[in-house]
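The values are calculated or read from the model by the stated rules, or taken from the named source; none is laboratory data. Here the structure is a predicted model, which means the values were calculated and not measured. Positions of Cβ are generated from backbone atoms using ideal geometry, with glycine treated the same way; all protein chains shown enter the neighbour counts. We work out accessible area using only protein heavy atoms, side chains counted, and drop any ligands, DNA or RNA first. Shrake-Rupley method; radii C 1.70, N 1.55, O 1.52, S 1.80 Å.
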Amino acid sequence: MNDILFAGKHFLTYNVHRHKHATWELVYCTGASGRFVFDDMELPYQEGDVVVIPPDVPHENLSESGFTNIHLNIGDATLTFTAPTVIRDDVNHSILHLFSDVYYLFCGDPERNTALLPAYGTLIVRHMTLSRTSGKRNRISEEIEKCIVQNYANADFALDEVLHSQPYCYDYLCKLFRKEVGTTPHKYLINIRLQAAANMLCSLHNSAGIAEVAQLCGFRNPLYFSRLFKNRYGVSPKEYHRHTMEDTLLRSQDSDSQKILLNDEDA
C-alpha cells in the first residue's frame, strides 16, 4: 500500500504527450509553469505545485516556456481524490524535500530503496491528504483527520472522545468524514496504524517483536493487531516480515551477481 513504483525527473521539457497510468501519478513542478490537459478540463500549475492524477486518467503536460519536475508513480495509494487536483507546497518546501529524497533513493542502493521507500510513500500520501486545497472540504473533518494522523501511534488515543467533544452530533461527524475522506474516522485510524506497522515490518533494521510493533503503532492488544493485519494483507505480521526479508535478500543477491559480472568483464 502506498508503494512507490517509479520516480523520475523531467529536465527542461515543453510537452509530455497524452498518456495514462494504471497507478496514481504525483508530479511536483520544480521549475517554471505549465498546464495539464485532461478530457474535460485543464489544470494550470506553477513551481511549488503538486499535480495529483488518479489512475487511468488520460492527460498531457504542456508548457510554452518549458518546465522541470519530479514525478512519482504510487501503487494502491490511500488517496480519495476523485479528479485531478493541484496541491501547493508549504513555505518550508516540505513536499519537495520528500520528492527529492525519493528520487535519489529510487536511483540509488537497492537495500536502502527497499527499506525506506515504503515509509516515504505513506508520508507523501499523508501530506497530499492534509494539504488538500479544495474549497468544498469541511474544516471540522480536516481537523479530525489531522488529529488522527498526529495521534495514531498513541494506544491511549480516544477517538470517540475527540468526536464527542465537537459541537456537532456524533453521527453527523462520522457521516461527514466518510463523505469527504472515503471511510469512517475509526476505519481511517485503523488503516493508518496498519500502514505504519507494515512500513515498520519492512525495515531491514527493525529488531522489534510483533508485540512491540503493535504497541508502537497504537495497538494495545498484539492478538487484535495480528488479526487486523492478516485481514488487510493476507498474511500474519511475522510472515509479512519474513517475506519482505526474503525479497530483499534476493534483490541483494541479484545486485551482487551483477557487480561480479561487471568486475569479470573489466578483468
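Descriptive notes on the structure:
- Qualifying residue in the stretch 190-203 (condition: surrounded by 14 or more Cβ atoms within 10 Å (Cβ to Cβ), at pLDDT 85 or above and not in a helix (DSSP H, G or I)): no
- Residues satisfying the stated conditions in the stretch 104-116, i.e. under 19 Å from ASN69 (Cβ atoms) and of a type in the set (A, V, I, L, M): LEU105
- Options LEU26, LEU72, LEU62: the member that is over 22 Å from ILE95 (Cβ atoms) and modelled with pLDDT of 95 or more: LEU62
- If the condition is being open to solvent by less than 80 Å² (accessible area, probe 1.4 Å), over 22 Å from SER131 (Cβ atoms) and aromatic (Phe, Trp, Tyr), then the stretch 142-171 contributes PHE157, TYR170.
- Residues that are within 21 Å of the chain's Cα centre (by Cα) and more than 22 Å from TYR188 (Cα to Cα) were ranked within the stretch 207-246; the one that is least open to solvent (accessible area, probe 1.4 Å) is THR244.
- Residues in the stretch 83-117 that are surrounded by 14 or more Cβ atoms within 10 Å (Cβ to Cβ) and among the charged types (D, E, K, R): ASP89, ASP101, GLU111.
- Matching residues in the stretch 138-185 - criterion: being among the aliphatic types (A, V, I, L, M) and either more than 21 Å from the chain's Cα centre (by Cα) or part of a loop (DSSP other than H, G, I, E, B) (or both): ILE140, ALA153, ALA155, ALA158, LEU159, VAL162, LEU163, LEU173, LEU176
- Only a single criterion out of (1) more than 17 Å from the chain's Cα centre (by Cα); (2) free of Cβ contacts under 8 Å to residues at least 40 places away in the same chain is not satisfied by PHE38, namely (2).
- For GLU212, the requirement of being closer than 22 Å to ALA119 by Cα, among the charged types (D, E, K, R) and modelled with pLDDT of 90 or more is met.
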